[in-house]
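Heads up, the thing below is written out as structure tokens.
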Amino acid sequence: MKKLGFALMTALFMLASGCSKTAGVGGAAGDVTVETLKVNAQFATELKLDDPQDFDDAKRGFIARPEGKILGADGNVLVDFDAFKFIDGKAPDTVNPSLWRHAILNAQIGLFKVTDGVYQLRGFDIANITLIEGKTGWIVVDTLTARESAAAAMAFARKHLGNKPVSAIVFTHSHADHFGGALGVASVQEIADRKIPVIASEGFMEEATSENILVGTAMGRRSMYQFGKDLERSPKGLVDTGLGKNVAYGGVGILQPTQLITQPTQELTLDGVRFVFHNVPGAEAPAELTFSIPDQKLYGGAENLSQTMHNLLPVRGAKARDALRWATYMQDALEQMADTEIYVGQHNWPVWGKARISEFITKHRDVYKYTHDQTVRLANAGYTPREIADMVKLPKSLSTYPGSRGYYGDLRHNVKAVYQLYLGAYDGNPANLNPLAPQESAKHYLELIGGADKAVAAAQTAFDKGDYRWAAELLNHAVFGAPDSKAAKELLARTYDQMGYMSEAATWRNSYLSAAAELRNGPPKKGVDRSFVIDMLMETPVERFLEAMAAGLDGPAAEGKDLKVNLVLSDKKESYVLWIENAVLHFKKAAPATDANATLTLTKPIFIKMMAGTAGVKDTLLSDDLRIDGSKIDLVRFFTLIDKAPGNFSIVTK
């Protein structure tokens, strides 16, 4: 049996989408300016931030608060329950007072009793676990992001509620913060041995395992900005994410559903509890369900309803979401809620009382419908996305409702998402059909202005006036066109500080402050570590990885190349033929081709480890489960054409 040589092992490692743990970027944030104080004071004046109702709801049913830290397998801190204790009292000058209020509400963490037989665990991760008491054990609704955070949450619940087994699991939708901790709740073996039902909506597995494969590297890098992953927890850093305190970047896994919800409305009895499930795909998530428990007069809105305006296009990147469909689901929810007296979501805190729940749903319905309709109206009048974003303002009846303020989503960004969904990113102006690349454009602007120093001087004038948007635009040209200008980087960092301090949206604040840190310290040395998602990747169809390989082919380098490789997964009894034609990588599931340059035979676990960049010598050189037939040189040539994306690219510096 032939073994994998060192050269080929190195080449195969280049397949990994390859992100590693980030180093903290930190950075000394700037002091708040007079103009920022004015903007924040206006928020405090225009909004009723001292209404006690949400504070009462966020604390209602409190049982116990966790202490200490949740550690990852490598000893890193995933969750520090004391990290946000500074969030209390009056808003500091460096935080928008509306966001500060929301951050205080999200800081009410621990185990809570929602009603008899229903509990929530909040603050163990960005999402919630909802526990519903069945006849024999706990029905677990969603399982957080990471195995470690989910296991800690379940242990905490059992400590205070009794050591009951898991009797069913419900995944509300296909985003990782709602299923990634599944293996911390129950093992694959336990699901099989005890025949534990695992419920999800139609399309769940496909969407859950495909969302981040093709562009996961770019999305992962950008998510560091959105969630403020490397910001210090302080009034000048991370205070919230909008949906919760922060994400636990631990081990991500998944469980295969045992039953899918395939009908628009479908009833199931789980461990003696009657659920009515509703399919709501294509709005907040490609595959999602909501549910009601009639006997408890409880409605669960998954993530279609949170205590914040949601985003129609996350700043980390995703496919634009359908605001009109989202609004339609809200109207359906009003009709489905019947005599509901309790609302629970998988982020933030619950709502009690039929009238208040109806108002909550109605406001969200109309925020998305208004955003949709006004964007379409103005687009049809010839306005462009940037113009519309400055024009659309919510009516007072919606803008003053705290439960739909833009803490996670933002109206200006959502307007652009609606435009993009229908008309694309191009605004119709031919000047934007083929614009110069940012670096090239910046050089021309600086030449016209008279150099980076003059651009910085003009930006300083704008900064002093509190015109931060214009200052940022000028300085962005200065940084891209004159990357060695320390003055441009420092003033742009100070500008982003102020824009972050006045942002009501946590996602915008985190993005601005992360950008400021990058300007001061550079991008992270490494990207996000893919080894933590191995358990989920093992459940991902091989085709998704081959699609990602094709998207990673270096087209110019592949021009004129004619190579064909067989990939045989010996443990799965599957084989694929991969070939390069016209500088495009194609694949098909088929028997090994007789005219292939080489055949690589290995097990799926080894293949996945290679894709994740975690394969070692034992998996390759010393493994009896991997062999090569044919030309090793051609196999190396083939795989060296696949780019490795380390996931630590610069965003605001080039």
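The values are calculated or read from the model by the stated rules, or taken from the named source; none is laboratory data. None of the values given here were measured: they were computed from a predicted structure. Cβ: placed from backbone, ideal geometry, glycine included. Neighbour counts: every protein chain shown.
Name the helices (runs of 4 or more DSSP H) wholly within the range 408-480 that hold at least 3 residues that are crowded, with 16+ Cβ neighbours inside 10 Å and in contact (Cβ under 8 Å) with a residue 40 or more places away in the chain?
Correct list: 411-423.
Residues in the range 516-533 that are part of a helix (DSSP H, G or I) and at pLDDT below 85: ARG530, SER531, PHE532, VAL533.
Among the candidates ARG158, ARG221, the residue that is in the same structural domain as TRP100 (by TED's automatic domain parsing), crowded, with 21+ Cβ neighbours inside 10 Å, in a helix (DSSP H, G or I) and of a type outside the set (S, T, N, Q) is uniquely ARG221.
Being closer than 14 Å to ALA146 by Cα and β-branched (Val, Ile, Thr) is the filter here; which residues of the range 62-88 pass it? ILE70, VAL77, VAL79, listed by residue number. Each residue in the range 161-194 was checked for being touching a residue at least 40 places away in the same chain (Cβ under 8 Å) and not in a helix (DSSP H, G or I), and 13 of them qualify. Could you check ARG544 against (1) free of Cβ contacts under 8 Å to residues at least 40 places away in the same chain; (2) of a type in the set (Lys, Arg); (3) within 24 Å of THR209 (Cα to Cα) and say which number it fails? ARG544 satisfies all of (1) free of Cβ contacts under 8 Å to residues at least 40 places away in the same chain; (2) of a type in the set (Lys, Arg); (3) within 24 Å of THR209 (Cα to Cα) except (1).
Scoring GLY282 on the criteria (1) out of contact with any helix residue (DSSP H, G or I) (no Cβ under 6 Å at 6 or more places or on another chain); (2) surrounded by fewer than 24 Cβ atoms within 10 Å (Cβ to Cβ) leaves a single failure, condition (1).
Of all residues in the range 292-313, none satisfies the criterion of being buried (at least 24 other Cβ atoms within 10 Å of the Cβ), outside any loop (DSSP other than H, G, I, E, B) and among the hydrophobic types (A, V, I, L, M, F, W, C).
Across the range 526-546, what is the total count of residues that are over 21 Å from the mean Cα position of the chain (by Cα) and either closer than 30 Å to LYS486 by Cβ or surrounded by fewer than 18 Cβ atoms within 10 Å (Cβ to Cβ) (or both)? Here the count works out to 2. The residues of the range 257-300 that are among the small types (Gly, Ala, Ser), in contact (Cβ under 8 Å) with a residue 60 or more places away in the chain and on the phi < 0 side of the Ramachandran plot, listed by number, are ALA285, ALA287, GLY300.
Being of a type in the set (S, T, N, Q), within 21 Å of ARG509 (Cα to Cα) and either assigned to a loop (DSSP other than H, G, I, E, B) or modelled with pLDDT of 95 or more (or both) is the filter here; which residues of the range 355-407 pass it?
In the first step, residues of the range 355-407 are kept if they are of a type in the set (S, T, N, Q); the result is 358, 362, 371, 374-375, 380, 384, 397, 399-400, 404.
Among the residues that remain, those that are also within 21 Å of ARG509 (Cα to Cα) are: 399-400, 404.
Listed by number, the residues that qualify are SER399, THR400.
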